[in-house]
Amino acid sequence: MERTTEATAPIRERLCVPAFHPSLPGHFPGAPIVPGVVVLSLVVATLRARLGPFSVRGFRSVKFVHPLQPDEPFELEAHEARPGSLRFRCCSSAGPLVEGSLEIER
């Protein structure tokens, strides 16, 4: 099937969380960083846009390595590790930001 072929191909997408994002004023005042949940939501939305609809059954692992600054571009890299499991990694010019895996159901 076509979806199976797409799911096995690596995904690379350049992303950015704008400085005007509504979560930033409170996280943290005077020195904002992008909340981890915002990064993970953007990862899931991007993967859905590329792979088609799916439900997230859970995050198997997530490791935040470095904070993301507002307006800091980063690259999402993801691939299907096995059917129903997506591995992902986000990196900026400063290095790795977050990596992990999520379980999905199509």
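The values are calculated or read from the model by the stated rules, or taken from the named source; none is laboratory data. Keep in mind it's a predicted model, so treat the numbers as computed, not measured. Glycine also receives a Cβ, built like all others from the backbone with ideal geometry; neighbour counts cover every protein chain displayed.
What to note about this one:
- Among the residues making up the stretch 42-66, those that are of a type outside the set (A, V, I, L, M) and touching a strand residue (DSSP E or B) at 6+ places or on another chain (Cβ under 8 Å) are Thr46, Arg50, Phe54, Ser55, Arg57, Gly58, Phe59, Arg60, Ser61, Lys63, Phe64, His66.
- From the options Arg57, Arg82, Arg50, residue that is of a type outside the set (Gly, Ala, Ser) and either free of Cβ contacts under 8 Å to residues at least 24 places away in the same chain or in contact with a His (Cβ under 8 Å, 6 or more places away or on another chain) (or both): Arg82
- Near pairs, Cβ below 8 angstrom, 6+ apart or cross-chain, from the stretch 5-16 (over 11 Å from Glu80 (Cβ atoms)) to any residue that is part of a loop (DSSP other than H, G, I, E, B) and modelled with pLDDT of 95 or more: Arg14/Pro73; Leu15/Pro73; Cys16/Asp71; Cys16/Glu72; Cys16/Pro73
- Within the stretch 73-86, if we keep just the residues that are surrounded by 17 or more Cβ atoms within 10 Å (Cβ to Cβ) and of a type outside the set (A, V, I, L, M), the residue that is nearest to the chain's Cα centre (by Cα) turns out to be Phe74.
- Checking Ile33 against (1) touching a residue at least 24 places away in the same chain (Cβ under 8 Å); (2) more than 20 Å from Glu75 (Cα to Cα), the condition it does not meet: (2)
- Scanning the stretch 22-69 for residues that are under 29 Å from Ser85 (Cα atoms), of a type outside the set (Ser, Thr, Tyr) and assigned to a loop (DSSP other than H, G, I, E, B) yields Ile33, Val34, Pro35, Gly52, Pro53, Phe54, Val65, His66, Pro67, Leu68, Gln69.
- Among the residues making up the stretch 70-106, a single one is within 21 Å of His27 (Cα to Cα), small (Gly, Ala, Ser) and part of a strand (DSSP E or B): Ser92.
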